[in-house]
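Data first, discussion second: the structure below is written as structure tokens.
The values are calculated or read from the model by the stated rules, or taken from the named source; none is laboratory data. Keep in mind the model is a prediction, meaning the values are calculated, not measured. All Cβ positions, even for glycine, are placed from backbone atoms using ideal geometry, and neighbour counts span all protein chains on display. These area figures cover heavy atoms from the full protein model, side chains too; ligands, DNA and RNA do not enter into them. Shrake-Rupley method; radii C 1.70, N 1.55, O 1.52, S 1.80 Å.
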Amino acid sequence: MRRLALALLLLVTVPAGATAQTQSQTLTLDEVLRSSAVNAPAILEAITRERQADGRRLSAEGAFDTLFEGDAQSRLLGFYDGTVVEGRASRPFVNNGGGIYGGYRISRGDFPTYESKGFTNQLGEVKVGAVFALMRDRFVDERRTRIDLTSRDIELARLDREMVAIGVQRRAIDSYQVWVAAGMRVAVYRDLLALASERQTSIERQIALGARPDILSTENRQNIVRRQTLLIRAEQELASAANALSFYLRDADGEPVTPAPARLPNSFPALRLPPLGPDLAQRIERPDLDAILVRLDQAAARRQLAENDMQPRLDLRAEAAKDIGPVGLAGAGRTPAEGIVGLRFSLPLERRQARGRIAEARAEADGLRLRRKLIEDQILVEVNGLAIQVDAAERLVALAGDETALATRMAEAERRRFQLGASDFIVVNLREESAADARLRQLDAEFRRSSARAELVAATVDRAQLGL
């Protein structure tokens with residue numbers, strides 16, 4: 001009994017300990033991106049559109065399903081009493097516009113002379129045949145084109161899912177960076193408040209010794225309250241940023257998880273810069289560019305189908321039939337095997353419908369090529385602009401770091417002078433706030449640099465850094 005109780009206690013306490021450990025671990029960008037890539041509702045919705053496209057492809061393949069047909073008729077009144085029962089199965093060719101068919105027919109009774117084809121031997125007639133397209137529908141027809149188009153639709157849905165995923169991951173990175181920046185601002189204001197609180201203890205001790213006037217304690221308390229207000233506002237912004245980040249950080253069940261402040265990292269994520277160059281638009285694999293190529297293939301398929309409809313139709317039909325069993329009412333003439341060969345020809349004279357579809361498909365292809373060129377130029381301009389931002393942000397971060405170091409040294413020196421009685425309270429307070437402001441400006445510069453890097457990673461579709 002004791003062993004069972006101990007085992008149950010371990011089962012209960014181990015997951016709780018693991019959860020507490022998880023809550024105390026630093027939340028990394030990779031963890032957020034992995035969670036977002038698997039559980040983001042927008043990505044899951046895009047996956048359903050891909051499944052819909054796959055269903056349309058399966059529906060198009062149904063045009064090549066085997067078809068079975070049955071027919072039966074019997075004369076209930078009149079001079080003739082003939083009855084015919086017939087079954088037929090047919091299946092289109094996958095690589096030709098024709099198809100193959102086979103059937104069985106059996107009849108009983110008498111038929112008029114103008115329906116003499118209804119007669120069979122007593123065990124019926126077996127028939128097999130095929131139709132071959134020699135001109136129109138030989139290489140392209142509506143059924144094969146529809147399968148091709150729906151296959152391209154699957155590819156378009158996949159590329160659309162990638163575009164949605166890239167956008168979601170970019171927003172997840174931005175939300176994570178906003179959360180990290182908010183946490184760093186809280187740390188700055190908390191340090192600033194701690195300095196004022198520590199100084200209050202020192203001031204009260206000096207007042208008790210008669211070295212400082214009583215009003216200085218009130219002035220420092222006023223400063224503490226003001227810094228507490230700044231800290232509360234920063235903590236509110238941190239809570240809002242954590243709530244926004246929970247849209248992308250989810251548990252195994254897909255439910256949002258709000259990260260605790262204890263999981264804040266000490267710095268922004270180190271995103272690598274992609275290799276740049278004039279041939280960047282040709283090197284990167286952008287889903288929107290690939291989608292245009294797929295649509296060009298679809299336009300070409302529709303043009304080929306329209307050109308196929310411009311051709312005359314010439315179909316070859318070959319058929320073999322054999323009546324089996326004892327001779328029926330039609331006599332012995334139906335017993336020998338029959339072989340039939342036939343041609344069918346048709347020619348559209350004006351063909352305006354086909355010519356109109358050809359013109360439409362060509363215009364669509366021209367428009368898609370122009371759109372691709374436009375997107376390539378936009379990518380080049382966007383990436384170059386982001387590269388300029390990153391370069392400027394790097395320099396601003398360096399300058400902001402120097403400013404922070406200098407302001408911090410000045411604040412530390414002024415605090416030592418104040419402790420020695422050689423400085424004024426107002427001056428030391430201004431020095432501390434100036435150092436805090438410099439640190440905040442450095443954080444803003446680091447945030448802009450990290451944000452520009454993230455924009456560049458998304459624009460160049462760095463799938464590894466996007467968690468895809």
Residues located in the stretch 430-466, provided they are open to solvent by 20 Å² or more (accessible area, probe 1.4 Å) and among the polar types (S, T, N, Q): Ser434, Gln442, Ser451
State whether one or more residues within the stretch 284-294 are basic (Lys, Arg), over 28 Å from Leu44 (Cα atoms) and modelled with pLDDT under 90. no
Just to be sure I understand the filter: pairs with C-beta atoms under 7 Å, separated by 6 or more residues or on different chains, first member in the stretch 235-253 and in contact (Cβ under 8 Å) with a residue 24 or more places away in the chain and among the polar types (S, T, N, Q), second member surrounded by fewer than 17 Cβ atoms within 10 Å (Cβ to Cβ) and assigned to a helix (DSSP H, G or I). Which pairs pass? none
Do we have any residue at all in the stretch 450-461 that's assigned to a loop (DSSP other than H, G, I, E, B), closer than 30 Å to Pro275 by Cβ and either modelled with pLDDT under 85 or among the polar types (S, T, N, Q) (or both)? yes
Test Val381 against the stated conditions and say whether it is surrounded by fewer than 17 Cβ atoms within 10 Å (Cβ to Cβ), over 30 Å from Arg303 (Cβ atoms) and free of Cβ contacts under 8 Å to residues at least 12 places away in the same chain. yes
Being β-branched (Val, Ile, Thr) and open to solvent by 90 Å² or more (accessible area, probe 1.4 Å) is the filter here, so list the residues in the stretch 209-245 that pass it. Ile215, Ile232
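Residue by residue, here is whether (1) touching a Lys or Arg at 6+ places or on another chain (Cβ under 9 Å); (2) modelled with pLDDT under 85; (3) not in a helix (DSSP H, G or I) holds:
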residue: Arg357; (1), (2), (3): yes, no, no
residue: Ala365; (1), (2), (3): yes, no, no
residue: Ile379; (1), (2), (3): yes, yes, no
residue: Gly467; (1), (2), (3): yes, yes, yes
Among residues of the stretch 327-365 being under 30 Å from Leu123 (Cα atoms) and in contact (Cβ under 8 Å) with a residue 40 or more places away in the chain, the residue surrounded by the fewest Cβ atoms within 10 Å (Cβ to Cβ) is Ile340
As an exercise: evaluate Arg3 against (1) open to solvent by 90 Å² or more (accessible area, probe 1.4 Å); (2) under 26 Å from Phe247 (Cβ atoms); (3) at pLDDT below 50 and give the number of the one condition it does not meet. (2)
Residue identified as over 30 Å from Ala42 (Cβ atoms) and among the basic types (Lys, Arg) among Arg205, Arg250, Arg263: Arg205
One residue from Glu338, Glu364, Glu394, Glu350 being of a type outside the set (S, T, N, Q), farther than 30 Å from Ser217 by Cβ and under 29 Å from the mean Cα position of the chain (by Cα): Glu364
Determine which single condition Phe132 fails, assuming it passes every other condition in (1) surrounded by fewer than 16 Cβ atoms within 10 Å (Cβ to Cβ); (2) in a strand (DSSP E or B). (1)
Restricting to the stretch 246-276, count the residues that are surrounded by 12 or more Cβ atoms within 10 Å (Cβ to Cβ) and either at pLDDT below 90 or in contact with a strand residue (DSSP E or B) (Cβ under 9 Å, 6 or more places away or on another chain) (or both). 14
Matching residues, the stretch 244-258, being more than 18 Å from the chain's Cα centre (by Cα) and under 18 Å from Asp30 (Cβ atoms): Leu245, Ser246, Asp251, Ala252, Val257
Does Asn384 satisfy being at pLDDT below 85, within 30 Å of Leu216 (Cβ to Cβ) and part of a helix (DSSP H, G or I)? no
Among the residues in the stretch 401-417, are any among the β-branched types (Val, Ile, Thr), modelled with pLDDT of 80 or more and not in a helix (DSSP H, G or I)? no
The residue that is surrounded by the fewest Cβ atoms within 10 Å (Cβ to Cβ), considering only those in the stretch 168-202 that are small (Gly, Ala, Ser) and either more than 26 Å from the chain's Cα centre (by Cα) or at pLDDT below 90 (or both), is Ala194
